[in-house]
Structure formats: structure tokens, C-alpha cells
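Asks: This is the structure I want to talk about, given as C-alpha cells.
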Amino acid sequence: MQKIYRFGLLFIILSTFVLRAAELEIGPYLQSAKPTEIMVLWETTAPAVGKVVYGLAPDQLIEEKVADAPSKFHKIQLSGLNPGTSYYYQCQWANKTTPVYRFKTAPQDEWQSIRIAVLGDSRSQPHIFSRICQQIISHDPDIVLHSGDIVADGRQVEQWKPQFFEPAKELLHRVPIYPTPGNHEQKADYYFEHFPVHGDDLWWSVDYGSVHIIGLNSLEDGSPGSPQYDWLVKDLESNQHQPWRIAMFHHPLFHAHPRRPVYDIRYHWTPLFNQKNVPLIVAGHDHYYLRTHPIGSFTEKNQRSVHIISAGGGAPLYDFVEKSYTAKAQSVYHFMILDVTPEKIVCRAIDIEGAIFDTVELRADGLTPDQGYIEYEMFELERRATFAVANLAEHQPKATLKNYDTNLVIPTQFQVQLLGSYYWQAPENWMVAPAEKTLVVVNPAEPLIVSFKANVLSPQMTPAPILKIHLEVAPASAETTSDAEIRARDHFINNKIEISFEQAAFSKMLSSNDWQMDDITFFFDFFGNSEYGSAALNHLNRSISKRIDEGGLQFLDEFLARFPGPENKYRLYPFYFLEKEYQHWDEWEDLAEKFAPYHIDLPDRMMYRISQHADINAEFIRDWWILGPFPWNMTTSLDTAFIDERSINFSGDYTSAHGNVRWQSVNTTERGFLDFTQFLEPAQNVIAYAYATIEAQRDGRILLLLGSDDGAALSVNGQQYFQLNIGRAARPCDDIIPVNVKKGRNEILVKVAQGSGNWGLYLQLLDKSGVVRK
Ligand SMILES: [Fe+2]
């Protein structure tokens, strides 16, 4: 009895303590809005029993729903609500409350108009993302769709609050959000746990008003026969009754990135979306806005989809290239507002300042202007022609790949007869036939046959020939003119194809999941010096990582024995270091001096992973003196001296346009970040100095690993080793800077420039040979 009493007392004391400690961590936010239900979620710093009180007016929160058990992560499902109705709610736990917020239930009827906000790629720059959220709030949407890349690394739990839940909190209090995962979410459990729209699945669909919304997962297999594809077919077939279907996922089917490949899901999903009547497809991943012309069946122009990339939610913007299918593209921070009625969807793209820069209207009756219509079958032909060109190698022994005499047989899907021509555009080092336009007729369901007779005249394969195809609809005779032919003949926009040999070989390499040494060496033997050589090497990195996991470094040994160029060694030696094999370290440091800091990119985050190894003496420099701010902007050279950099006076006053400034002694955060915004003001269009010293036991070379926000210039003992004027976010180890140190004290001086937003640096010392430390 006494035991039970003591235990009970202990429980009361402990739980009181725990309850007192429970502060709001994230939220509240909303999920699963239905006509009569909604889910309210929030997180507290310690477990507590959560409760939601709610009602039709802010001062009448007369209903309540209490959780069954204490938890840090509160998920409370409210039911029995009225459709299309605004409710006020408050979250409560352990004597704590949130302010009163408002949510709205989904409409019961399909005829009611709804407003959907769409955004993507909000990661990494919360100061931009928060402005986007403010703009979205001003449009008062019913729901928000997010196509992924919500944070920089979804596995890092500590990123979710500052990069997503905090900047978006005002929006999330009132509007349910439906996300699909991006590559940056890294398939993290955190993502799936926090967005119950997924249920237990990797993809989802929901109904809201007149729309059936499908959230696919472009990180998972989407090919015919895969669980995702089968699910999608079933979901589309059983949801044809709603006026609209909208699909969302992260990787776009039609993008305009200068280097990224076409993802295979283009060929798996586009025909399905056309056949099953999905007129709008939104994606992210490429950080700009792009709207395509309607893309769909050549002869059935009412089966069409507009594809929109809306990836301007905060991540640094990208450039784009011209594509035949682009109706509008702009590299700009933005989001979209879709106003949906059963008759039409009006899509507006709105920039961070609130200006509308693109509008398109989709009509439920399927009518779209013929102008700018893009024929999907030509993409299929292009894909199959690319395979055929890439497979030319198989017509002869790879070692003697110099002469060709063959026909490419390329299957087609056209339903009307086409006429056209093709030829090979040959560079000087090739003799190719036919090099003149050769007429072809393509009958429905028959292949296009392309002849290729060629000799390479020099030891170099590159540049290699380009296959050019041009097709037109055959003029119909009076008796055979069908509606389909007439429709197809008008406005045949997408009627040209160009395939370069190198690009085809490169695509084949990219699309092969299970690389054989033979395929890789074939590509590098013949096309390693092509414009795709560098991209191929980058792609190789990923494959190598996998190979190392499976079979050790032998694969890499073999590759480097055949292709021992210095660039290959610089890029690939770090894979040995990852495995804690350091035999190439000194040679690699020499190469780093030759190529680094930024002439050749290393595999993403490679040095960061290596710098985590304890046995190579990697350490953040944590104790700094800083001085600033001085006025600065992007047009000011980082060579500019704002003080006498050769003779620093740590106790003196310096004059800046921002007033008198003095050196101050500061420390980095626990994670090694020197955050200037904590110490210096103003923090916009300025620059500051950071100074540190290191003691070396002897003369020698070390590596400094730098990450800066924004650009930086770094010198050691008065000699400048690095300078990069750029707007960027700080990540540890973005730049590898080999520097010479002398025995005794060495002075490091870094100038760190600042446009706006975050401002600071990481500097890590990597001392493999023990110059500084034994
Ligand atoms: Fe992405």
C-alpha cells in the first residue's frame, strides 16, 4: 500500500514537472479538411494531454475534443462539423493555450467555387518563404498544395521548425496543407509522420469541392506494373465523376533545366493523365515558373494537360532554357492561386511582390486554343529514336566502334499517315550518309526507318553526328479525309526532332539503373571528352557510392586505372577517404590546390561527410574576432580593403558609414556557425571581417573548408587564397581551400559579404598530416 502511495506521489510530482515544461514547439496546423471533419496538429516540448476547443464564434468555443493520452505530438480529429463553415479554435494542454485561430471546413457541394494555393521548393531561405506565405494569406485560399522540397534535409529534425513551420505558421494555423515529398525530404519519417494526408501510403488522393487531387511520389517507382502506377490507374478510374482532377508531385514531366535529364515518369504518366482526363499537373524541383502549352494526343486534342512547374517558394532560383512546349517561363519567387468552379479553373502565377505574371484558364468542356498545342506522340518518337541511336554501339564490337552501316528501326504511335524527311548532320571528323534530306513516309502503326552509314575520320568520336527528323501530316485525298487527319494537320507544332549521338549515349547511361563496368567505360572511351563528359562523371559519383556499398572499391580502382585523368582523380579519390583509405590523400591535396576551390565540383556534400571522420583532425574554428559592418553591395569587389588589413589594431575604433565599430571577441554556435546577425547591425548590404589564429607545430599544408553566406574572401598570413562574390546560403565545406601554414602563429582573415537574410560563416580546419596537431 505504502509502495503504491509513494509511486503515486512520485508520478504526480513528475507529471506536474513534465506538464509545466510543455511549451509550444510547432503549430497548430491543419490536415484532412473534409465537409464535416478536420485534423488539428501541434507539437509541445514535453508530453501533455492535448485538447481543442472550438465553436462558431471566437468567444463561443463551446465544443471540445480531448486526446486520449499525453503526447508531445498532438493530432486531434474534429468531426460532426458543418460543411463550408468557418470555425474558431484554440489548442490547450497543461494549462497552456494558443491564441484563437480560424479554420474552414470543405464545401459539401461540387458547384461551390474554391481557391487553391500552390507552391513548391520553399526550402533553405525562410526569409523568402515567409514573404511568400504572407502573400498567400492575403489571397485567403481554402487549401495549400506544396509539391515538395520543404526543407533542405528532411532527415535533420531541427530544420523543420526554422525552415518550414515557423515561417509558415500564420498560413498553417488557418489553411490545411497537402504536400508531396521532394528529394530534399530524403524519404524521412518526420515528413510522413507530420502529414497524415498520406495515411500509411507513400502517395495520396483527396477530394475538395469539385476537385479530386492526387499527390504522387516521384521518388518512388512510377512505371507500369509498380504499386504506385497500379494505384494511380485505379484511383483515376474510380474518380471520373468529379468535375476536375489535378495531379501533383515533385519531379516535373516537362522541364527546362539546362542539364537535368528527362525523367522516365514523363513516358509512364503523361499518356495516363491524358486518357484519364487530368487537365492540370503541378510539379516543382526546378526553381522557376514554367507553364507548358497543352500537351496531349496528336489526334485527340480534347485529351490534354497543362503542366506547371511552380518551384519558387524560397530555394535559390535557377536559369532555364527554351523548350518547344514552353508557353510561359520566368525565374522568380512566386506561388499560384487556382480559382476553381465546375466550369473552369483560372490559374494565376503571382510573384513575391504580389504581382500577377501569368494567367491561364482551363475549361471543363475540354476546349483549349489550338495554337501552341504540343503533340505527345513526338516525345515518344524522340525517346525511341534516342534509344535507337544510343544502341548503335551494339551493332559492332565496342573496341572498334568506328564504322557503321545499319538501319535504325524506330517504332511510332501515329494514327495518321505522316510524310517527312531526315538526315544526319555530320561534323568534320565524320563521313556520314545520308547527309542530305531523305524523304520518308510513316504509316500508322509502322516504324520509322533511318539509315546510318558512317566512318569516323579521326581518333576522336566527338563531336558526333546529329540525327534530324522533320514530319508533316500527309495531305489527305478527298475520300479518306477523316476528322482526325484534319485536326492533326492543323497546327502540328511539335514536328521536329534532333538527337545527338553523345546525348543519346549519355541518356542511355543515365537511364540504366544497374550499370555495368562495360557501359561506363564505353561512354568514357568514346564520349568522355564530349559536352556530356563532366555531367557523366557527376552521375558516375552516385553509381560509385552504390557500388562501394555493394562491392568495395574495386570498381573504382578499375575505372581510375582506365581513366586516370587528374579531374577524374580529384573527383573520385574522396570515395576512398569515405572508406577511410587515405593512400591517395597527398596526391589529392596537390590536385585540390590545382583545381580547388571552385573550378571542379566535388560530389555533393562529399567533403562534409569526410570531415566528420575523427582520424583526419577536422575541427571547426570556433573562437573569432569580428569587425563590422561596413557598407557593401554586390558590385563592390571583395578585394576592397575596408581597414588596413596588414596591420590590425584590435583595441582601436574604426569608422564605418554605419558608425564607429570595434573588434569584438565572439564564438560560433554549437554547430560551428559564426552568425554575424547576432552581433552586428545593420545586416543588409554590408560586409564584415572575421579573424582567427591557429598555432602550427611545423611548416606545412592544411585544408580550410569554408561555407559562407553570402560571398567571402579568405587570406592566411596576408596571402589571399580564396575569393567568391556570390549570393548563397552557408553550408559547411562548400569550398575546399588548401593553404600553407608556417611554424608558430598563423593569422586567418575572412571578409564575409551580406546582401540580405542570413549572414555568417563556417570554417573548418582539416589537418590530415598533423601540421597543427599530432
Ligand atoms: Fe527537388
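The values are calculated or read from the model by the stated rules, or taken from the named source; none is laboratory data. Treat the numbers as computed from the prediction; the structure is a model and nothing was measured. All Cβ positions, even for glycine, are placed from backbone atoms using ideal geometry, and neighbour counts span all protein chains on display. Surface accessibility is based on the protein's heavy atoms, side chains included, excluding ligands, DNA and RNA. Shrake-Rupley method; radii C 1.70, N 1.55, O 1.52, S 1.80 Å.
Asks: Pull out a ≥ b ≥ c, the square roots of the eigenvalues of the alpha-carbon gyration tensor of the chain, then state rounded if a/c is under 1.5, prolate if not and a/b is larger than b/c, and oblate in the remaining case.
Replies: Note, shape of the chain comes out oblate.
Asks: Pull up all non-local amide H partners of residue 72: gap of 5 or more, or a different chain, and H-to-H distance under 5 Å with H placed in the peptide plane.
Replies: Placed amide hydrogens put 48 under 5 Å from residue 72.
Asks: Taking θ = phi - 60°, what integer Hz values does the Karplus form 6.51 cos²θ - 1.76 cosθ + 1.60 yield along segment 341-349, in sequence order, with x for Gly and Pro?
Replies: 10, x, 8, 7, 10, 9, 9, 10, 9
Asks: Another question about this same structure. Between residue 529 and residue 725, what is the spin-label point distance in nm, taking each point 7 Å from the Cα along the Cα→C-beta axis?
Replies: That separation, rounded to one decimal, is 3.6 nm.
Asks: With a cut-off of 8 Å between alpha carbons and a minimum separation of six or more residues, what is the relative contact order of the chain in percent?
Replies: On the way: 1722 pairs, mean separation 54.5, N = 774.
Relative contact order for the chain comes out at 7 percent.
Asks: Heavy atoms only, probe 1.4 Å: what % of the accessible area of the chain goes to carbon and sulfur, would you let me know?
Replies: 48
Asks: Among the DSSP beta bridges whose two residues both lie in segment 82-198, what percent are antiparallel, rounded to the nearest 5? Walk me through the numbers before you get to the answer.
Replies: Values: 6 of 13 bridges.
Looking only at bridges with both residues in segment 82-198, the antiparallel portion is about 45 percent.
Asks: Quick one: 3J(HN,Hα) in Hz for segment 316-325, Karplus 6.51/-1.76/1.60 with θ = phi - 60°, rounded, Gly and Pro as x.
Replies: x, 6, 10, 7, 9, 10, 6, 9, 4, 8
Asks: A follow-up question, please. Please give the per residue accessible area of the chain, computed with a probe of 1.4 Å over protein heavy atoms only, in Å².
Replies: Counting only protein heavy atoms, the per-residue value for the chain is 44 Å².
Asks: Let me ask another. Using modelled amide H (1.01 Å from N, peptide plane; none on Pro or chain starts), what sits under 5 Å from the amide H of residue 25, excluding residues fewer than 5 places away?
Replies: HN-HN under 5 Å from residue 25: 43, 44, 45.
Asks: For the chain, what is the mean residue ellipticity at 222 nm derived from helices alone (per DSSP H run of n ≥ 4: -39500 (n - 2.57); sum divided by total residues; nearest 500 deg cm²/dmol)?
Replies: Counting only the DSSP helices, I get -6500 deg cm²/dmol.
Asks: I would also like to ask the following. What number, in percent, do you get for the relative contact order of segment 625-699 if the mean sequence gap of Cα pairs under 8 Å and at least 6 apart is divided by its residue count?
Replies: Once divided by the residue count of segment 625-699, the mean separation gives 49 percent.
Asks: Express as a percent, rounded to the nearest 5, the fraction of DSSP beta bridges in the chain (both residues included) that run antiparallel. Working shown, then result.
Replies: Values: 144 of 165 bridges.
Beta bridges within the chain, antiparallel portion: roughly 85 percent.
Asks: Could you derive backbone 3J(HN,Hα) for segment 329-336 from the dihedral phi with the Karplus parameters 6.51, -1.76 and 1.60 (θ = phi - 60°), listing whole Hz in sequence and x where the residue is Gly or Pro?
Replies: 9, 7, 8, 7, 5, 6, 8, 10
Asks: Here's something else I'd like to know. Work out which helices of the chain, taken as complete DSSP H runs, extend at least 24 Å along their axis over the Cα atoms and score a mean Kyte-Doolittle of 0.5 or more, then list them.
Replies: The answer, listed by residue number, is 2-21.
Asks: Something else: Can you tell me which lysines have their Cα less than 17 Å from the Cα of residue 276? Leave out same-chain residues fewer than eight positions away.
Replies: Cα-Cα hits under 17 Å: 234, 301.
Asks: FRET efficiency for residue 200 and residue 449, Cβ-Cβ distance as r, R0 = 41 Å, nearest 0.05?
Replies: Working from the Cβ atoms, E equals 0.25.
Asks: Next question. Please get the size of the charge dipole for segment 94-144, origin at its Cα centre, with Cβ charges of +1 on Lys and Arg and -1 on Asp and Glu, quoted in debye to the nearest 20.
Replies: 340
Asks: Of 197, 416, 160, which is farthest on the positive side of the dipole of the chain, counting Cα position, with +1 on Lys and Arg Cβ, -1 on Asp and Glu Cβ, and the Cα centre as origin?
Replies: The residue sitting farthest along the positive end of the dipole is 160.
Asks: A further question on this structure: What ranking do 337-343, 73-79, 214-220 get when scored by the average of other Cβ atoms within 10 Å per residue, highest first?
Replies: For the peptides 337-343, 73-79, 214-220, the packing ranking is 214-220, 337-343, 73-79.
Asks: Under a Cβ-only charge scheme (Lys and Arg +1, Asp and Glu -1), can you give me the dipole magnitude of the chain about the Cα centre, in debye to the nearest 20?
Replies: 1340
Asks: OK, next. Just want to confirm a number: the relative contact order over segment 30-152, from Cα pairs under 8 angstrom separated by 6+ residues, in percent.
Replies: Result for segment 30-152 is 23 percent.
Asks: Excluding residue 739 itself, what net charge comes from residues whose Cβ is under 13 Å from its Cβ, given Lys and Arg +1 and Asp and Glu -1?
Replies: With Lys, Arg at +1 and Asp, Glu at -1, the net is -4.
Asks: I'd like the FRET efficiency for residue 681 and residue 745, computed as 1/(1 + (r/R0)^6) with the beta carbon distance as r and R0 of 35 Å, rounded to 0.05.
Replies: Efficiency for this residue pair is about 0.65.
Asks: Something else about it: For residue 51, give me every one of the lysines with a C-alpha distance below 17 angstrom, ignoring sequence neighbours fewer than eight places off in its own chain.
Replies: 65, 72, 75, 96
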